[in-house]
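The values are calculated or read from the model by the stated rules, or taken from the named source; none is laboratory data. All values reported here derive from a predicted model rather than from experimental measurement. Because the Cβ atoms are built from the backbone with ideal geometry, glycine has one as well, and the counts that use them run over all protein chains shown. Note: accessible area is taken over every heavy atom of the protein model, side chains too, but ligands, DNA and RNA are not part of it. Shrake-Rupley method; radii C 1.70, N 1.55, O 1.52, S 1.80 Å.
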Amino acid sequence: MDAESALATGRVSAVEELTNLPLRGDNPHINEWKANGGRVFGYVCSYVPEELVYAQPAGMLPVRMGAVGCETTEDADVCLHKSICSFTRCLLQLGLTGEYGFLDGFVMTDACDQMRRTYEYWRDEVGLDFLTMVTIPHSTEGEERFAWYLEEIRRLAEAMAERYGSYATDAQLRESIAVYNRYRRLMLDLYALRAGPAPKLSGAEAMRIARAGFNMPKRVFNDRLEEALKELAARPGIGDYRARIMIGGSYLDDTFLIDIIESTGAVVVTDSLCSGRKYIETMVSEVGDPFEAIARRYFEHTSCPRMIGGFEDRLEFTRRTAEQANVDGIIFHRLPFCDNHAVENTMESHELNKLGIATLSLESEYLATDEGRIKTRVQAFLEKLGK
Amino acid sequence: MIFAGVDVGSMTAEAVLMDDGELLASTVLVATPNPVTSATIVLERVLAESGLRAQDIAYCVSTGYGRERIPFAQHDISEISCHGKGAFWADPGIRTIIDVGGQDCKVIRIDASGDLKDFVMNDKCAAGTGRFLEGVAKTMAVHVSELGPMALEGVDPVPITSICTVFTQFDVMTFLAEGRTREDIGYGVAEALAVRVNRLVKRVGVEDRVCITGGVAKNAAVVRATEKVLGHQVCSLRVDPQIVGALGAALFARERYAKHGAQSRETRS
Amino acid sequence: MEARQGALTRYDHIRRVDALCDLFQTAIATGASSPAELDIPMLMGLLPEYHASIVPQIYPEVLEAILKPKNRGATLAHMGAVKRYLGDLCAALDRGQPVICNFAVTTPEIFLAMDLVPLCYELLPIYLAGGLIGGVDQDIDLTEDEGIPSHVCSAQKAPNGALMSGKMPLPDIMVKTTVPCNSSNMMYQWAQQRFGAKVVVVDCPYYSNKRAFSYYVQEWKNMVRSIEQLTGRKLDEDRLRHHVELGNEQLKYYYGLQELRRRLPNPDPGMHRSLDIAALYLCGANQEMVDYSKTCYEEARARADSGLGVIPAGMKEIRTVWTWGITPHMLYLPDWLEDRFGMSFLECGLSYLPSEVVGYVDTKNVDTMIEGLALRAFNMPMGRTGMTHADLMIEDFVKIAKSYHADAAVFSGHMACKHSWAVAKMLGDALQERAGIPSFKWETDLLDTRYTPHSSAKAQLAEFFETLM
């Protein structure tokens, strides 16, 4: 249907454009941004306050880095031992081979042991114009901890000001906040289209759209997403699916797992990923000091498992999300050596099973080559659910 | 009415024919690298043995590695459900099935109706699988089928504690060099495998009766060691443990035929 | 005495470590200098049934090591100190005091001053893994059976398994410094879910600078306040001072020993590193721990004054810095390498405490004591380099390699320790380029003997040291 309407109107539908956005050096939005004199900053962790970067008058575009399309880790393996998670190694590989050459900077965090320890390799072996770290306390309890985080992002702003002579005013910060809040609301609308009995899009399409959101100026993306939402709403929806599945676990920006799940006839309708729903929930307050409002939102949004004391909230997030999307079961995925999600998945499963919510725990590499193994488990899980 | 089940694994392929509720014929052969070829050959073989033709099959279900690609099967079901189904047919008292396959080890729990209740599979590591025994057999220069009878003759099992298959082979070489008997080494290896299997069993729990399926079930030393480590009796089934997956598939074929009638392969799964 | 028997017999891990101490002390007391001289059946006849049942589980290599004249004194003193610690622990348990599990970076002084039972729950498994064959493998399995994967650190899997099976007392509170890793942080969260103990977080900021330290001091003050609120107990200044003074005294010998290890030849036996690290985790606990450190120092001092080393006479000394740390389940390994290859153990990632940075805790008042303890924790092994840029760890080791005159480095990488493994290459390169020494990296697990069997570990290390002989 989308292809037909594209033919009729002579232009590509928004859904198609977003689900097929070329990545990295081939991304037209990034290239255009740079051609117009803008700078591009990468980040991975959902604790990096993007609004702050985006608000800079010097034209700074934050893009969330992924490693989709990475085929080998042979160069990264020289630096990193095999007990470092494969996503981290894939990302460094792309850095080492120049795939991220378009980046002006990289804003890292200390959220996980594996990613934080690649800082030195990015600094010494890749070499970027701007590399810094935003460090995060391991608990959100107590004002002193928030103060540390606030100070960290002030330092980020100061470092950017020092390097690029760019310092966002409160008005510019507010504008940036408004763009990002709109982005979050639109993305929540996208999730809503998947929550009904006939989901309007597959989980794979949803992830591809989310990925486009990571890699486009949010203003441009918002407009395209708004159009895409209209196109999707007009679809009849997927009716003959086998089961409704939610996914959770380690960072995921590649559709391989969703593709396997959906190849069994199930449909992925929601998630608790930090690259998914956790990333878009929670608005930034539009009243009060904008700088502090940004810091609050990032510090206090549903936490990463590395935050001690946040388990109850994370569990509630999963439970509520599962309920809202009326899922039949949850598939937790972890990358080998990802301690945060390995233990978190076990803890959440333990509690969710007590509530009668079925879970399956899977492990697979970022460059998964073992589709058969995973599919057998997924299929058996669906059979266990009586689906 | 004839129903077929085909199970293509990484090391062997099996086919079962059933005439309504009765087991008619079964065949096991060494798998080829191509699952479709394996499935085709094993089905041809079992048909030939029973004097039947492909057209006589009312419904066929495939399982195992490559189960979705078998062109003559109308449906595919995971080997986890199939092992549960097959074992339950062979003995309705079975509640826990341990399937030690070539590359995977699974523990399957079924309920009183034979339906899948829970399951767990090993992670990527080969420890606790048929591949592990093959590696050891190779190091000892014996055929894998000789390992079981040999190990039963052992009196003092060598201690093998390493989690890694490569280190185990290293240990086996050391024991051989130290002059330990092959029987004792075989016994030790069987115990090591049982310990690994037991680790998986603990993840989902165990309920009597317990059976072992898959090729490794024919290794009497492994069965004995598993009973010892598990603290539960392992029941022997009235059918060849290696055909249980294919048997389950054939049983599913019958069920699906009753429910959906004959049909071509669905596009969905 | 009767009260002590209660907890001692109730918790098998306490009983086992206590028995292990008795066994080592008894064996040394016979005067035998090698296992061949020991009359084991006679020894077993002297011992209670429980003790005798443990004898066959002891690593023969450990027995061989502790009976050597160079290791006897320190072992004897250390075992005495451990018995004292366990005795105090049991007495407090039997009085019904709240149990606090303090992660190894936070030493016990503050908790003792609040009349709590400080149980460093990683430590008992370390002793058991060091002394007994496959000492805590089963405990690790118990935790893994709950769905915790193999790549999570065994330092927490083992004690959690012991808690599940009732071999250690359940904690009321767990104090977790957020160094060194995600793995340990996750397992404390898991323990909170599983056992209901409240986890008090001591957040360790990234970076090792003044701003980070002042934040960290505040974390310590908040930790004390949280525990006071949770237990209703107050920190007693005099008791705190008593334990802090003991700790200062203990560290005086610790620093002295570090100095002595810089001498040529190195006069300090390698097996003592494991004991020292354990002593560091129990810093300030009791007078006996001070006596242990003093024994180590004085024995090494006497050797140094006579120009003696610890390797066999006539052998070339291979002065080695262990850039990851010790491997607790191979307690005997340094001794084994010392006498076979002339390896002398200088310093390791779990023993390095920079005296010029840490110094002594000022006992003037509660604030100075908390601040001093925080400074020490900030620079404790795991604390200092676990949560900052890799540069600090690299600089430390280059400095150690130079000032201790190292000939070689060994990285006994614990497979679960991702943040160290990520640094291993940079560290090896820096040591080669800036200190001119080769690094040998091998993989092991901290406590799980099945990851790399001893036979394989020995073969790999023998090959490396043979090339340097």
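Quick notes on this one:
- Residue in the range A:268-280 that is over 29 Å from C:Ala197 (Cα atoms), at pLDDT 95 or above and assigned to a loop (DSSP other than H, G, I, E, B) present: yes
- Among the residues listed as B:Arg254, B:Arg209, the single one being within 18 Å of the chain's Cα centre (by Cα), surrounded by fewer than 24 Cβ atoms within 10 Å (Cβ to Cβ) and at pLDDT 95 or above: B:Arg209
- Pairs meeting the criteria (first residue in the range B:158-174 and more than 11 Å from chain C (Cβ to nearest Cβ) and without any contact (Cβ under 8 Å) to a residue 60 or more places away in the chain, second residue among the aromatic types (Phe, Trp, Tyr) and open to solvent by less than 40 Å² (accessible area, probe 1.4 Å), beta carbons under 8 Å, at least 6 apart or on different chains) are B:Val158/B:Phe175; B:Val158/B:Tyr187; B:Thr165/B:Phe132.
- Which listed residue, of A:Glu286, A:Glu227, is part of a helix (DSSP H, G or I), open to solvent by 10 Å² or more (accessible area, probe 1.4 Å), on the phi < 0 side of the Ramachandran plot and touching a helix residue (DSSP H, G or I) at 6+ places or on another chain (Cβ under 9 Å): A:Glu227
So that you can scan it fast, the table gives a plain yes or no per residue for (1) touching a Leu at 6+ places or on another chain (Cβ under 9 Å); (2) crowded, with 24+ Cβ neighbours inside 10 Å:
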position: C:Arg303; (1), (2): yes, no
position: C:Val321; (1), (2): yes, yes
position: C:Val366; (1), (2): yes, no
position: C:Glu371; (1), (2): no, no
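- Residues located in the range B:46-73, provided they are of a type in the set (Val, Ile, Thr) and either surrounded by fewer than 14 Cβ atoms within 10 Å (Cβ to Cβ) or assigned to a strand (DSSP E or B) (or both): B:Ile57, B:Val61, B:Thr63
- Set C:Glu259, C:Glu245, C:Glu249: member being without any contact (Cβ under 8 Å) to a residue 40 or more places away in the chain, in a helix (DSSP H, G or I) and over 13 Å from the mean Cα position of the chain (by Cα): C:Glu259
- Top-ranked residue of the range A:347-362 - restricted to ones that are away from chain C (no Cβ under 12 Å) and small (Gly, Ala, Ser), ranked as least open to solvent (accessible area, probe 1.4 Å): A:Ala358
- The single condition among (1) assigned to a loop (DSSP other than H, G, I, E, B); (2) open to solvent by 20 Å² or more (accessible area, probe 1.4 Å) that B:Phe175 does not meet is (1).
- Note on the range C:152-170: residues that are open to solvent by 10 Å² or more (accessible area, probe 1.4 Å) and part of a loop (DSSP other than H, G, I, E, B) total 5.
- Looking across the range B:1-22, the residues that are more than 10 Å from B:Ala246 (Cα to Cα) and either among the β-branched types (Val, Ile, Thr) or surrounded by fewer than 17 Cβ atoms within 10 Å (Cβ to Cβ) (or both) come down to B:Met1, B:Ile2, B:Thr12, B:Asp19, B:Asp20, B:Gly21, B:Glu22.
- Checked against (1) under 21 Å from C:Phe341 (Cα atoms); (2) touching a Leu at 6+ places or on another chain (Cβ under 6 Å); (3) within 13 Å of chain A (Cβ to nearest Cβ), C:Glu443 passes all but condition (2).
- Residue within the range C:100-121 that is touching a residue at least 24 places away in the same chain (Cβ under 8 Å) and more than 30 Å from C:Asp362 (Cβ to Cβ) present: no
- Evaluating A:Glu152 against the criteria (1) open to solvent by 10 Å² or more (accessible area, probe 1.4 Å); (2) in a helix (DSSP H, G or I); (3) of a type in the set (Asp, Glu) leaves one unmet condition, (1).
- Filter pass, C:Leu43 being buried (at least 16 other Cβ atoms within 10 Å of the Cβ) and either modelled with pLDDT of 95 or more or touching a Leu at 6+ places or on another chain (Cβ under 8 Å) (or both): no
- Index of the failed condition, A:Ala168 passing every other in (1) more than 19 Å from A:Pro49 (Cα to Cα); (2) touching a helix residue (DSSP H, G or I) at 6+ places or on another chain (Cβ under 9 Å); (3) open to solvent by 10 Å² or more (accessible area, probe 1.4 Å): (1)
- Per-region count, the range A:74-84, residues in contact with a Cys (Cβ under 9 Å, 6 or more places away or on another chain) and more than 8 Å from chain C (Cβ to nearest Cβ): 1
- Residue check for C:Leu76: in contact with a Ser or Thr (Cβ under 7 Å, 6 or more places away or on another chain) and part of a helix (DSSP H, G or I): no
- Some residue of the range C:189-197 being touching a Leu at 6+ places or on another chain (Cβ under 9 Å), part of a strand (DSSP E or B), farther than 24 Å from C:Gly349 by Cα and not assigned by TED's automatic domain parsing to the domain that holds C:Ser403: no
- Filtering A:Glu141, A:Glu158, A:Glu175, A:Glu205 for residues that are open to solvent by 30 Å² or more (accessible area, probe 1.4 Å) and within 16 Å of the chain's Cα centre (by Cα) leaves a single hit, A:Glu205.
- Matching residues in the range C:453-469 - criterion: being part of a helix (DSSP H, G or I) and touching a residue at least 60 places away in the same chain (Cβ under 8 Å): C:His454, C:Ala457, C:Lys458, C:Leu461, C:Ala462, C:Phe465, C:Glu466, C:Leu468
- Annotation: B:Val244 fulfils all but one of (1) of a type in the set (A, V, I, L, M, F, W, C); (2) under 22 Å from B:Thr129 (Cα atoms); (3) in the same structural domain as B:Leu133 (by TED's automatic domain parsing); the unmet one is (3).
- Scanning the range A:363-382 for residues that are open to solvent by less than 20 Å² (accessible area, probe 1.4 Å), touching a residue at least 24 places away in the same chain (Cβ under 8 Å), at the interface with another protein chain (Cβ under 10 Å from one of its Cβ atoms) and touching a helix residue (DSSP H, G or I) at 6+ places or on another chain (Cβ under 6 Å) yields A:Ser364, A:Lys375, A:Val378.
- One residue from A:Arg182, A:Arg194, A:Arg163 being open to solvent by less than 30 Å² (accessible area, probe 1.4 Å) and among the basic types (Lys, Arg): A:Arg194
- Of all residues in the range C:445-468 being open to solvent by 40 Å² or more (accessible area, probe 1.4 Å) and of a type in the set (S, T, N, Q), the one that is nearest to B:Asp171 (Cα to Cα): C:Ser455
- Every condition in (1) more than 9 Å from chain C (Cβ to nearest Cβ); (2) surrounded by 24 or more Cβ atoms within 10 Å (Cβ to Cβ) is met by A:Glu344 except one, and the failing one is (1).
- Any chance A:Ser272 is crowded, with 23+ Cβ neighbours inside 10 Å, in contact (Cβ under 8 Å) with a residue 12 or more places away in the chain and touching a His at 6+ places or on another chain (Cβ under 9 Å): no
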